[in-house]
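The values are calculated or read from the model by the stated rules, or taken from the named source; none is laboratory data. Since we're looking at a predicted model, the values are computed, not measured. For neighbour counting, all protein chains shown are included, and Cβ atoms are generated from backbone atoms with ideal geometry for every residue, glycine included.
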Amino acid sequence: MHNDQFIAILLVYLVRMNTLETENLIEHWDIVIGQKSSLFELHLGEVWRYRDLLLMLVKRDFVATYKQTILGPVWFFIQPLLTTITYVIIFGNIAKISTDGLPMMLFYLCGITLWNYFSECLNKTATVFKDNATIFGKVYFPRLIMPLSIVVSNLVRLGIQFILFLLIWGWYLYKGANVHPNFYILLSPYIILLLAIIALGTGMIISAMTTKYRDLVFLLTFGIQLMMYATPVIYPMSVLSKKYALLIKANPLSSLLETFRYSFTGSGQFSWISLGYSTVFAVILLFIGTVIFNRVEKDFMDTV
């Protein structure tokens with residue numbers, strides 16, 4: 001489906017939705033006068049009413065990305081596999097960075113699987129106003145649908161890459177490697193949820209700012225790369241000195257990746273306090289991001 005075709009279908013769908021809502025409104029009231037919406041009014045009910053649109057956008061993102069490729073979704077396997085092999089060569093064999101006794105392939109793939117999901121969500125969410133200005137300027141629908149669709153559609157990609165991780169993880173378990181999974185594996189869906197929330201909240205804040213300050217788009221890719229090195233993706237926490245360990249622990253993503261790695265391999269660090277810190281940070285960030293996003297969406301067409 002070409003982008004122009006999708007926009008046409010989307011416009012027809014939204015016009016029908018808005019017409020139905022208007023008809024329902026006219027059946028009861030001729031004129032509706034309400035007070036100015038509060039800064040903290042998030043309109044989550046509207047998002048739920050447009051859930052069909054959310055599913056449509058998720059399907060569009062998945063199909064459009066790989067429709068004209070030869071290997072299609074197989075790239076979901078190839079990309080993390082090639083990245084992992086690169087990290088094994090550079091950070092494992094050349095830089096000789098410790099992996100806490102874990103097989104290098106498993107150690108790096110463990111971090112890459114989660115980091116790819118976070119970075120993809122953040123990258124695309126942070127430019128949602130700029131990328132969808134054409135649609136936003138034609139018809140009304142809850143703008144929050146767009147960043148939510150990015151987070152959900154990337155879950156499909158994460159699911160495929162997670163299968164690759166499980167296959168390699170199962171192989172090392174079968175071979176009797178130094179891998180000791182534990183019941184903290186049950187926290188995996190919660191960890192992924194927190195990653196999605198942090199990416200969504202951060203992305204909405206940056207997206208709101210890029211409507212006026214386009215320079216942030218150019219800094220975003222560089223900033224995500226720096227953030228990866230401030231997160232234990234390519235190194236374990238055990239190799240850090242006490243001074244640097246405190247700085248890395250201040251990053252709410254650190255405890256999420258460490259918990260994920262610890263639950264599947266038994267190597268790394270786990271702390272309920274650190275996980276609680278990441279949870280509180282994620283919730284606050286999501287609330288702030290949603291408020292700012294809803295505030296900017298009202299007049300962003302004047303500045304985008």
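I need the helices (runs of 4 or more DSSP H) fully contained in the range 204-302, keeping only those with at least 3 residues that are surrounded by 18 or more Cβ atoms within 10 Å (Cβ to Cβ).
Result: 252-265, 272-297.
From the residues in the range 98-149 that are part of a helix (DSSP H, G or I) and among the β-branched types (Val, Ile, Thr), which one is surrounded by the most Cβ atoms within 10 Å (Cβ to Cβ)?
THR125
Yes/no per residue for (1) among the hydrophobic types (A, V, I, L, M, F, W, C); (2) more than 20 Å from SER188 (Cβ to Cβ):
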{"site": "LEU82", "(1), (2)": "yes, yes"}
{"site": "ALA95", "(1), (2)": "yes, yes"}
{"site": "ASP100", "(1), (2)": "no, no"}
{"site": "PHE107", "(1), (2)": "yes, no"}
{"site": "THR113", "(1), (2)": "no, no"}
{"site": "SER119", "(1), (2)": "no, no"}
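Just name the residue that is nearest to GLU120 (Cα to Cα) out of those in the range 130-152 that are modelled with pLDDT under 75 and of a type in the set (A, V, I, L, M, F, W, C).
ALA133
Given the conditions (1) modelled with pLDDT under 70; (2) not in a helix (DSSP H, G or I), report the number of the one that THR19 does not fulfil.
Of everything listed in (1) modelled with pLDDT under 70; (2) not in a helix (DSSP H, G or I), THR19 misses just condition (2).
Identify, from the list LEU216, LEU247, the residue that is among the aliphatic types (A, V, I, L, M) and touching a helix residue (DSSP H, G or I) at 6+ places or on another chain (Cβ under 8 Å). Give the derivation first.
Working: LEU247 fails: touching a helix residue (DSSP H, G or I) at 6+ places or on another chain (Cβ under 8 Å).
The match here is LEU216.
With ASN178, ASN123, ASN116 as the choices, which residue is at pLDDT 90 or above and touching a helix residue (DSSP H, G or I) at 6+ places or on another chain (Cβ under 9 Å)?
ASN116
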